[in-house]
Amino acid sequence: MNKLRKIFTLDSLVVPLVAIVLGLIVGALVMLLGNYNPIEAYSALIKRVVGSPYHVGETIRQVTPLIFTGLAVAFAFRSGMFNIGADGQVLIGMTTATAVSLSLDGVHALVSVPLAVIAGGLAGGCWAAIAGFLKAKRGINEVITTIMLNWVALYFSNYIIRHFFLLKGQNRSEDIQASASMTFLSSIFDNARVHWGTVIALIAAAFFYIYLWKTKQGYEMRAVGFNQHAAEYAGMNVGRNVIKAMFISGVFAGLAGTFEVLGVFHFQSVFAASPGYGFDGIAVALLGMNHPIGVVFAAILYGGLTYGSAGMSFAAGVPPELIKIIIGSIIFFIAAQGIVRFILKPFYLKRKKEKVL
């Protein structure tokens, strides 16, 4: 119980909740300025998210890759790195999983699917480790290298699909038959695209917490993240920890792409631009304050708002782009915690007075 209290302190819970409320208020004000009814819009959003088993399942599907990419960004940040390349790592994981699955066409799903999942995760990790290696050995800023690797991943993935796995007459790969086994509780959620990746995402969040806060290797990574010079003085191998942190971060992102192609679409498209999962992961990590538990809840919020925006558009006529304003406002208030604490200051003072009395 004491450990839970350390994680869920009053401040760590109240500040994000107030930031969310303030973001929703900002969204409501913008709707009023546009002559839209915010109560009707938010009601439509909630109905879209939880109105039927199918919509609940599709919301879970929307949330799953956000958990993975949010964990990827948060893990790197906790280790003192800025992983802006999660989007490229998603694409590499996606392409590797597609290539392995189609190459093993005819092999039983119990063999091909786990191999595709492992290969996709490892490929994403190796792709991220390139930036980690350049940072550790040459001191090259990982922000620059990860952004550049995003573009390399996009064109490399498109090249692989076009030249080896393209479905004739289509701008996508052949269907991955074995990926049908990834379906999870589809009968309960009225054939929504819920898959086993959601379970793996929650396991990944647990791994994140246990590894960083309960192991020696995790302690070293956090020490490197706090102060590389002090960690090196203490005898820690900074370069090795940098590469390892980026590799694990990339594994999370690679799994996001793997489960999107195996569990949702069952094929890979030739992309005209990056799918954007990695950049959404940055927002999720910020909302979750770079803690694995916070990332899970932030992904639920972000995914729910994103999926529910279609309900706002159809039922209330509100442009779905407005959701980006709401999410941006929430991130702003979480980033500018001084504003939130200033708003909460009278309540904290009142509580202190009551305790004194």
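The values are calculated or read from the model by the stated rules, or taken from the named source; none is laboratory data. Please read these numbers as outputs of a predicted model, since none were measured by experiment. Cβ: placed from backbone, ideal geometry, glycine included. Neighbour counts: every protein chain shown. To get the accessible areas, we keep the full protein, side chains included, count just its heavy atoms, and leave off ligands, DNA and RNA. Shrake-Rupley method; radii C 1.70, N 1.55, O 1.52, S 1.80 Å.
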Among residues of the stretch 206-243, those that are open to solvent by 60 Å² or more (accessible area, probe 1.4 Å) and in contact (Cβ under 8 Å) with a residue 60 or more places away in the chain, counted: 3
Residue match in the stretch 117-125 (condition: under 25 Å from residue 73 (Cα atoms) and either open to solvent by 50 Å² or more (accessible area, probe 1.4 Å) or in contact with a Cys (Cβ under 9 Å, 6 or more places away or on another chain) (or both)): yes
Per-region count, the stretch 244-261, residues acidic (Asp, Glu) and open to solvent by 10 Å² or more (accessible area, probe 1.4 Å): 0
Qualifying positions in the stretch 25-48 - open to solvent by less than 40 Å² (accessible area, probe 1.4 Å) and either more than 30 Å from residue 255 (Cα to Cα) or at pLDDT 90 or above (or both): 27, 28, 31, 34, 38, 41, 44
Condition check for residue 79: small (Gly, Ala, Ser), within 22 Å of residue 208 (Cβ to Cβ) and surrounded by 24 or more Cβ atoms within 10 Å (Cβ to Cβ): yes
Single condition residue 104 does not satisfy, out of (1) open to solvent by less than 10 Å² (accessible area, probe 1.4 Å); (2) modelled with pLDDT under 95: (1)
Condition check for residue 46: within 24 Å of residue 321 (Cα to Cα), out of contact with any Pro (no Cβ under 8 Å at 6 or more places or on another chain) and without any contact (Cβ under 8 Å) to a residue 60 or more places away in the chain: no
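The rows are residues; the columns are (1) modelled with pLDDT under 80; (2) open to solvent by 20 Å² or more (accessible area, probe 1.4 Å).
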residue: 273; (1), (2): no, yes
residue: 291; (1), (2): no, yes
residue: 302; (1), (2): no, no
residue: 305; (1), (2): no, no
residue: 316; (1), (2): yes, yes
residue: 334; (1), (2): yes, no
residue: 337; (1), (2): yes, yes
residue: 347; (1), (2): yes, yes
residue: 350; (1), (2): yes, yes
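Residues are listed down the side, and each one gets a yes or a no for (1) under 19 Å from residue 286 (Cα atoms); (2) small (Gly, Ala, Ser); (3) modelled with pLDDT of 90 or more; (4) not assigned by TED's automatic domain parsing to the domain that holds residue 134:
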site	(1), (2), (3), (4)
2	no, no, no, yes
15	yes, no, no, yes
23	yes, yes, no, yes
53	no, no, yes, yes
66	yes, no, yes, no
72	yes, yes, yes, no
75	yes, no, yes, no
Subset tally (residues that are part of a helix (DSSP H, G or I), among the charged types (D, E, K, R) and open to solvent by less than 90 Å² (accessible area, probe 1.4 Å)) for the stretch 141-199: 1
